[in-house]
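Right, one structure below, let's go through it.
The values are calculated or read from the model by the stated rules, or taken from the named source; none is laboratory data. Predicted model only: the values in this text are computed from it and were never measured. No Cβ is skipped: glycine too gets one built from the backbone with ideal geometry, and neighbour counts run over all protein chains shown. These area figures cover heavy atoms from the full protein model, side chains too; ligands, DNA and RNA do not enter into them. Shrake-Rupley method; radii C 1.70, N 1.55, O 1.52, S 1.80 Å.
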Amino acid sequence: MSRTRTALLAAMALVAGATGTAFAVDPGGADAAAVPCTVDYKIQNQWSTGFTAAVTITNNSAAKSSWSLKWSYAGDQKVTSGWNAKLSQSGAAVTAANESYNAQLATGGSVSFGFQGSYSGSNAVPATFTLDGVTCNVDGGPGGPTDPPDPGGPANRVNNPYAGAKVYVNPEWSAMATAEPGGSRVASQPTGVWLDRIAAINGAAGKMGLRAHLDEALRQKGSGELVVQLVIYNLPGRDCAALASNGELGPTEIDRYKTQYIDPIKAILADAKYSSLRIVTTVEIDSLPNLVTNTGSRPTATPQCDVMKANGNYVKGVGYALNKLGDVPNVYNYVDAGHHGWIGWDDNFGASAALFKEAASAEGATVNDVHGFITNTANYSALKENNFSINDNVAGKSVRESKWVDWNRYTDELSFAQAFRNQLVSLGFPSGIGMLIDTSRNGWGGAARPAGPGAQTSVDTYVDGGRYDRRIHLGNWCNQSGAGLGERPQTAPAAGIDAYVWMKPPGESDGSSKAIPNDEGKGFDRMCDPTYTGNPRNNNNMSGALPDAPVSGHWFSAQFRQLMQNAYPPLS
């Protein structure tokens, strides 16, 4: 039976109160040619009085130079704002017409738009859609036959996937943690599973592959809900500003990224066997912000980042991943958004958000393929600096003038994540997006943790004496000396924050302290060398890295023990 013709009636069975309901239509299949147009109407987020929806039209008829889609609601839904289409409403009837930039709709082509709406009572998916007067999703247009409902029905995305759910504990990481003295205290914490090369999909070097992890997740799930956290991390020319985490794909290998990496991952995640899992994907850390901060005439620019900005393969890769993975109803995409010590400055903040919007609109993706964003992934920025604020003034100077803050708008990750979320929504991302913050290594506890503000002799003594983050410089990122485990993973800890997570498994190295030959495409970055005196990205300070570190992703026992020792909140 063709899902193209059956999903519509299945969608009509949706009832009120189903958060994140989705109506998905596959435009392919044997019957596609008989269907003049298909409409994919997905409710991305839903709360008590409102919702956001994403709509994709696929035209199977003659090419169009303009288009108009119409539908009617059965309830009191009202469209309040939209993007990528001109939306109007009269009573229950809604019309979405093309913008000037997306008027062309080729045969077999698709166009997407989104909107926010309000409702009370029920929020059922519309029963019928017409494109320029022709009914979509049925054979032969108006009056065409339809099939019975698809017994599988559409899946429901919830607003916060972590709500009411356990989170997957990676048994491989748990075993490494348990083997360390005192490690059993944290071995049951959930961590991310990193798919950092093609071989990791099926399992490399004796490690579990993606299917093995998902099978184990089903075992852990039992009868409740369970979240699986995956890190999608294999862009062409990956991490153009840091050699330690370079990847296997060259700058131009975008087709290989699509067909050998993203497509196989999607195929596994789309297996009906795993449809009961909530799969959170962290999409391509340390990529898009590099195009803002490390290109062009900036002193931090690198030739490699200039290449990736020029060829567009970061934007294309992220867009493709969001599009393909977003098609899987139980996948929740969270895009990496750097951290406050990277894009918290005025000239980086807005530019980064705009670039994320560009990537979320590339390669068939829409902003509705993004469920949220994650900050501080694999980084060390303090969650909340309580001993000083961005509004403080000391000795006639603002905290922003201190060497540590250096005119940044933010002092910690929580304030940055909340503000950046607002910026993203203002650019057209759904208002229901949530943020994740990686707290795996930002606790900064132990004896070096300040008990109160620093001396008010100067703005620098005030900030340096009171800050929890004890790095030499905010730009230091590799195996930082003195770091500790941060807040344990928890759900909805603050406004706009879906969860604190340990996406970076504590104890896995950021990079080797010296060059180590490997078959994983990972180079040697001097920022991981404790003797390195720095570069413009850390204002030519010492690297602050621990010695004797292995290649990135490999177990670093000394670091794990230090993280436990300096944990905040402390380990019991």
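Quick notes on this one:
- Top-ranked residue in the stretch 222-233 [being assigned to a loop (DSSP other than H, G, I, E, B) and in contact (Cβ under 8 Å) with a residue 40 or more places away in the chain; ranked as nearest to VAL283 (Cα to Cα)]: TYR233
- Filter result for VAL111 (under 25 Å from LEU322 (Cα atoms), in a loop (DSSP other than H, G, I, E, B) and open to solvent by less than 40 Å² (accessible area, probe 1.4 Å)): no
- Selection over the stretch 498-530 of residues that are within 24 Å of ASN159 (Cα to Cα) and surrounded by fewer than 21 Cβ atoms within 10 Å (Cβ to Cβ) gives a count of 0.
- When residues in the stretch 39-86 are screened for being in a strand (DSSP E or B) and among the polar types (S, T, N, Q), 11 of them pass.
- Test: residue in the stretch 440-458 that is within 27 Å of PHE113 (Cβ to Cβ) and part of a loop (DSSP other than H, G, I, E, B): no
- Residue pairs whose Cβ atoms lie under 8 Å apart, separated by 6 or more positions or on different chains, with the first residue in the stretch 165-184 and closer than 27 Å to SER223 by Cβ and the second open to solvent by 80 Å² or more (accessible area, probe 1.4 Å) and modelled with pLDDT under 95, are GLU172/LYS207.
- Residue within the stretch 344-359 that is hydroxyl-bearing (Ser, Thr, Tyr), over 20 Å from THR52 (Cβ atoms) and in contact (Cβ under 8 Å) with a residue 60 or more places away in the chain present: yes
- The stretch 287-312, residues that are touching a residue at least 60 places away in the same chain (Cβ under 8 Å) and either within 19 Å of the chain's Cα centre (by Cα) or outside any helix (DSSP H, G or I) (or both): LEU288, PRO289, LEU291, VAL292, ASN294, PRO299, THR300, THR302
- Each residue in the stretch 480-497 was checked for being in a strand (DSSP E or B) and either among the basic types (Lys, Arg) or open to solvent by 10 Å² or more (accessible area, probe 1.4 Å) (or both), and 5 of them qualify.
- Within the stretch 158-188, being open to solvent by less than 10 Å² (accessible area, probe 1.4 Å), in a loop (DSSP other than H, G, I, E, B) and over 23 Å from SER276 (Cβ atoms) holds for VAL186, ALA187.
- The listed residues are THR259, THR252, THR191, and the only one of them that is in contact (Cβ under 8 Å) with a residue 40 or more places away in the chain, open to solvent by 20 Å² or more (accessible area, probe 1.4 Å) and either out of contact with any Phe, Trp or Tyr (no Cβ under 8 Å at 6 or more places or on another chain) or part of a loop (DSSP other than H, G, I, E, B) (or both) turns out to be THR252.
- On the stretch given as the stretch 459-477, residues that are in contact with an Asp or Glu (Cβ under 8 Å, 6 or more places away or on another chain) and assigned to a helix (DSSP H, G or I) total 3.
- For the stretch 353-380, the candidate set comprises residues that are surrounded by fewer than 22 Cβ atoms within 10 Å (Cβ to Cβ) and small (Gly, Ala, Ser); within that set, the residue that is nearest to TYR568 (Cα to Cα) is ALA354.
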